[in-house]
Amino acid sequence: MITLVEEARRALGSARFVLVVTGAGISAESGVPTFRGDGGYWRDRHFSELANAQTFAHEPQLVWEWYLERRRTVRQCAPNAAHVALAHWAQKRGHDGMRLVTQNVDGLHERAGHPEVVRFHGSLWRNRCTACGREREDHALELEGPPMSPCCRALERPGVVWFGEAIPPFALEMGFDAAGRCDGVLVIGTTGVVYPAASLIEKARDNGANIVEVNPDEDYGLSGEGVFGGLWLRAKAGEVVPGILGEE
Ligand code: OAD
């Protein structure tokens, strides 16, 4: 593994601009459950049913209870070595040298001190007014019932992207801009099956960028290559990301 870490460090160290794409796996060592592992169910409901506008329309209380439970879980978690290393490295490289796109809504990159995070799926810590779409920061951990917006006195929904919904346009633009001009990509802790996040990596790969993938799952990718055909480190993020970035 030492040699692979060195190889990855060289591949990304020589890149002028690096796109980093993170998924639920980067927060696993912090104690945040991933989606497709054992954490895929809550009260016998699958996450794809809970993260869903149709379910919210009929059972807003249930959906809010799930999000509040996730807030309480995440509140007790701290950024791990991978979040911290990425944040330090990003501060050094600056926004001309890297961009982070995350599919996570937990806010752990931000809590680690990451300067700019492109959030594809929104934030667990934001509420959106269902009448006008305005969002506000909210850190409530308990609620009597679904919250109402201060702007329109209408029902609020979690400020996250649900199944079948579009990625916020600005985040999408930032992601594809980075994918179009990066020459290195670091993919951490995602199954790589959810689009359009996966298409960022495919676009960068098709442009010839060096790809490094970190995922401990032995079924990730094919015959020694990762899902995106990059250099695959079969390890937990917290164990190898600091070394890859030279931030041990
Ligand atoms: P998943 O839960 O689908 O996958 C997590 C990935 O992280 C798996 O491939 C694991 O093998 C890997 N993993 C587990 N522990 C790890 C560790 N310690 N270090 C590195 N990797 C580890 O999560 P995502 O791929 O992020 O979207 O899921 C993408 C999206 O699917 C989510 O954002 C969510 C869901 O639909 C929405 O809610 C809109």
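General remarks:
- Members of the range 142-187 found to be on the phi > 0 side of the Ramachandran plot and within 16 Å of the ligand (Cβ to nearest atom), listed by number: Gly164
- Checked against (1) farther than 21 Å from Val18 by Cα; (2) open to solvent by less than 20 Å² (accessible area, probe 1.4 Å); (3) touching a strand residue (DSSP E or B) at 6+ places or on another chain (Cβ under 9 Å), Leu62 meets all criteria but (2).
- Residues that are basic (Lys, Arg), assigned to a helix (DSSP H, G or I) and open to solvent by less than 30 Å² (accessible area, probe 1.4 Å), drawn from the range 129-185: none
- If the condition is being outside any strand (DSSP E or B) and in contact with a Ser or Thr (Cβ under 6 Å, 6 or more places away or on another chain), then the range 1-24 contributes Gly23, Ala24.
- Looking at Ile211, Ile244, just one residue is in contact with a Lys or Arg (Cβ under 7 Å, 6 or more places away or on another chain) and touching a residue at least 60 places away in the same chain (Cβ under 8 Å), and that residue is Ile244.
- Of the criteria (1) within 14 Å of the ligand (Cβ to nearest atom); (2) among the hydrophobic types (A, V, I, L, M, F, W, C); (3) at pLDDT 95 or above; (4) assigned to a loop (DSSP other than H, G, I, E, B), which one Phe35 fails: (3)
- Scanning the range 57-72 for residues that are within 13 Å of the ligand (Cβ to nearest atom) and farther than 19 Å from Ser27 by Cα yields one hit, Val63.
- Restricting the range 92-116 to residues that are without any contact (Cβ under 8 Å) to a residue 24 or more places away in the chain and not in a helix (DSSP H, G or I) leaves a set whose member that is least open to solvent (accessible area, probe 1.4 Å) is Gly94.
- Residue match in the range 191-207 (condition: assigned to a strand (DSSP E or B), crowded, with 17+ Cβ neighbours inside 10 Å, of a type in the set (Val, Ile, Thr) and modelled with pLDDT of 95 or more): no
The values are calculated or read from the model by the stated rules, or taken from the named source; none is laboratory data. Values in this document were obtained by computation on a predicted structure and should not be read as measured data. Don't worry about glycine lacking a Cβ; one is built from the backbone with ideal geometry, like all the others, and counts go over all protein chains shown. What goes into the accessible areas is simple: the full protein's heavy atoms, side chains included, and nothing from ligands, DNA or RNA. Shrake-Rupley method; radii C 1.70, N 1.55, O 1.52, S 1.80 Å.
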